[in-house]
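The values are calculated or read from the model by the stated rules, or taken from the named source; none is laboratory data. Being a predicted model, the structure only gives us computed values, none of them experimental. Positions of Cβ are backbone-derived with ideal geometry, glycine not excepted, and every protein chain shown enters the neighbour counts.
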Amino acid sequence: MDVEILSRLQFAFTISFHYIYPPLSIGLGLIMVIMEGQYLRTKEPVYEQMARFWTKIFALTFGIGVATGIVMEFEFGTNWATYSRYVGDVFGSALAAEGIFAFALESGFLGILLFGWNRVSPRVHFIATIGVFFGSLFSAVWIVVANSWQQTPAGFMIEGEGLRARAVITDFWAMVFNPSSVDRLLHVWIGAFLAGAFLVLSVHAYYLLKGRHVELSKKAFKIALGVATVFSLAQLVVGHHSANGVAENQPAKLAALEGHFDSLAVADAYVFGWVNKEKQEVTGIGVPGGLTFLLHNDFTTPVRGLNSFPEDERPSALNAIFQFYHLMVAIGMALIALTLFAAFQWWRGKLFENRWLLWIFVFSVLLPNIANQVGWFAAEMGRQPWVVYGLLRTSEALSKAVTANQVLFSLILFALIYTLLLALFLYLLNKKIKVGPEGTERIQHNPRQEGMAEAWGER
């Protein structure tokens with residue numbers, strides 16, 4: 001493989017691994033704020049205990065997220081020097097804003113969040129939890145802004161020519177609020193809230209199945225289910241709006257996402273299928289004119305297809321882009337169905353009576369994380385062959401001094417190190433889950449709880 005493919009694989013691998021953790025941290029931050037808010041409102045110790053427990057999980061995900069994110073900054077300089085010079089003014093502004101507005105806020109309150117239990121008042125600790133949560137949200141803002149600028153550049157001018165060309169910001173707020181940034185930010189935030197909520201649902205469903213921490217887990221499960229239900233529905237609305245933005249600003253990407261080839265014709269929306277690039281057709285099950293209807297609210301307005309673009313300006317991995325996008329959509333619909341069904345069972349008073357439903361929630365933790373990953377894959381691969389859409393090609397953004405062997409060697413090392421980090425994360429996470437929330441066994445030791453445990457068929 002050549003330097004470009006290897007460099008793209010290396011960056012894809014490192015960012016995919018890193019992106020496991022920030023969404024979990026953001027989502028858990030929201031859950032922790034709700035739990036501590038409930039403790040301040042009700043004064044029930046059970047809410048403090050669940051907040052303490054999830055603070056430990058948050059610390060684990062936050063720590064590994066920070067460590068794995070540092071590597072990517074070095075990759076910009078080693079593998080993508082031309083790109084770094086070209087977007088340095090834009091990325092520098094966004095990363096500086098992250099440090100000033102996000103990291104300072106997050107790190108300033110992090111110590112109180114982690115070590116302030118029994119040292120500061122519950123109200124002060126709650127404020128610290130809110131500060132860390134908002135810091136994580138703001139951090140996502142600037143990363144998404146920088147990436148969205150690559151998708152839909154705005155508020156800039158080009159200085160220099162050839163290899164010395166670079167984008168210079170002329171309007172900071174136009175750069176921040178570029179045509180895709182708000183839609184993509186909301187999409188990322190909601191994906192993070194779902195990732196955190198389903199981790200909480202998974203763990204407490206497991207406890208309920210095992211008859212452990214029953215009362216605490218019921219309360220925590222309901223909190224997470226409320227968050228998951230609201231945001232799974234919100235993601236449907238935001239995702240639709242985001243797709244309309246892609247149709248307007250990146251029509252070649254939209255055509256790749258839906259496998260639409262005809263230059264200007266009514267476009268179908270597929271539930272699933274397989275793209276044959278050579279034959280320029282999709283084999284699968286879809287709704288005739290469905291994409292046209294979603295975009296234009298009718299079945300007659302034509303949609304621009306891939307054949308209307310020069311061949312060297314079309315994404316190349318069409319089937320992969322199609323599959324990643326439709327997997328994301330399928331998972332989103334599955335999360336809506338699952339949460340609405342569980343909410344209905346809650347309304348009927350039978351939420352915790354179906355063991356099969358709890359087992360589904362135990363394994364459902366994988367779904368939002370997979371959706372977050374494949375959504376990013378579809379977005380980034382759909383932008384190709386551009387690293388900055390319409391301005392700088394990926395093949396032109398590489399470092400000129402790096403060889404394929406060097407990139408391959410570093411990719412192998414990253415794979416080994418990150419595999420060890422993932423094993424460490426899973427080991428520590430499993431260890432904390434096995435220990436569980438502190439102090440709950442004493443509170444739950446009463447005849448009613450013991451009878452409930454027997455009903456679950458557990459000791």
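Observations
- One residue stands out among those in the range 196-215 that are among the charged types (D, E, K, R) and either in a loop (DSSP other than H, G, I, E, B) or out of contact with any helix residue (DSSP H, G or I) (no Cβ under 8 Å at 6 or more places or on another chain) (or both): the one that is surrounded by the fewest Cβ atoms within 10 Å (Cβ to Cβ), which is Lys210.
- Qualifying residue in the range 297-307 (condition: of a type outside the set (A, V, I, L, M, F, W, C), closer than 16 Å to Gln250 by Cα, surrounded by fewer than 17 Cβ atoms within 10 Å (Cβ to Cβ) and touching a Pro at 6+ places or on another chain (Cβ under 9 Å)): no
- Checking each residue in the range 392-413 for being surrounded by 16 or more Cβ atoms within 10 Å (Cβ to Cβ) and part of a loop (DSSP other than H, G, I, E, B) picks out Ala397, Leu398, Ser399, Val402.
- When Ala104, Ala97 are checked against the criterion of being assigned to a helix (DSSP H, G or I) and either modelled with pLDDT of 80 or more or within 28 Å of Met157 (Cβ to Cβ) (or both), a single residue qualifies: Ala97.
- Unmet criterion (only one of (1) crowded, with 23+ Cβ neighbours inside 10 Å; (2) farther than 26 Å from Val33 by Cα) for Phe193: (2)
- Checking Phe272, Phe293 one by one, the residue that is touching a residue at least 12 places away in the same chain (Cβ under 8 Å), surrounded by fewer than 17 Cβ atoms within 10 Å (Cβ to Cβ) and among the aromatic types (Phe, Trp, Tyr) is Phe272 and no other.
- Scope the range 337-355; condition assigned to a loop (DSSP other than H, G, I, E, B), free of Cβ contacts under 8 Å to residues at least 60 places away in the same chain and not polar (S, T, N, Q); matching residues: Gly349, Lys350, Glu353
- Residue check for Arg119: over 24 Å from Lys222 (Cα atoms) and outside any helix (DSSP H, G or I): yes
- If the condition is being surrounded by fewer than 21 Cβ atoms within 10 Å (Cβ to Cβ) and not in a helix (DSSP H, G or I), then the range 366-385 contributes only Pro385.
- Selection from the range 240-268 of residues that are hydroxyl-bearing (Ser, Thr, Tyr) and at pLDDT 90 or above: Ser242
- Hits in the range 380-406 (condition: hydrophobic (A, V, I, L, M, F, W, C) and closer than 28 Å to Lys253 by Cα): Met381, Trp386, Val387, Val388, Leu391, Leu392, Ala397, Leu398
- Per the listing Leu416, Leu411, the residue uniquely in contact (Cβ under 8 Å) with a residue 60 or more places away in the chain and within 26 Å of the chain's Cα centre (by Cα) is Leu411.
- Residues of the range 78-109 that turn out to be in contact (Cβ under 8 Å) with a residue 24 or more places away in the chain, closer than 22 Å to Ser16 by Cα and over 21 Å from the mean Cα position of the chain (by Cα), as a count: 6
- Sub-6 Å Cβ pairs linking a first residue in the range 241-269 that is more than 20 Å from Ser316 (Cα to Cα) to a second residue that is surrounded by fewer than 20 Cβ atoms within 10 Å (Cβ to Cβ) and aliphatic (A, V, I, L, M), at least 6 apart or interchain, are Ala269/Val287, ordered by first then second residue.
- Qualifying residues in the range 141-190 (those that are among the acidic types (Asp, Glu) and surrounded by fewer than 15 Cβ atoms within 10 Å (Cβ to Cβ)) - the one nearest to Val237 (Cα to Cα): Asp171
- The residue of the range 129-155 that is nearest to Gly108 (Cα to Cα), among those that are of a type in the set (Phe, Trp, Tyr) and at pLDDT below 90, is Phe138.
- Scanning the range 114-148 for residues being closer than 30 Å to Met381 by Cβ and polar (S, T, N, Q) gives a total of 4.
- Members of the range 35-63 found to be of a type in the set (A, V, I, L, M, F, W, C) and surrounded by fewer than 22 Cβ atoms within 10 Å (Cβ to Cβ), listed by number: Leu40, Ala59, Leu60
- Filtered residue count, the range 236-246, keeping only those that are farther than 18 Å from Glu380 by Cβ and buried (at least 18 other Cβ atoms within 10 Å of the Cβ): 1
- Hits in the range 145-183 (condition: over 12 Å from Leu391 (Cα atoms) and under 18 Å from the mean Cα position of the chain (by Cα)): Val145, Ala146, Asn147, Ser148, Ser180, Ser181, Val182, Asp183
- Condition broken by Ala81, with the remaining ones in (1) within 27 Å of Ala224 (Cβ to Cβ); (2) touching a Leu at 6+ places or on another chain (Cβ under 8 Å); (3) of a type in the set (Gly, Ala, Ser) satisfied: (1)
- Total residues in the range 322-345, condition within 13 Å of Tyr270 (Cα to Cα) and β-branched (Val, Ile, Thr): 1
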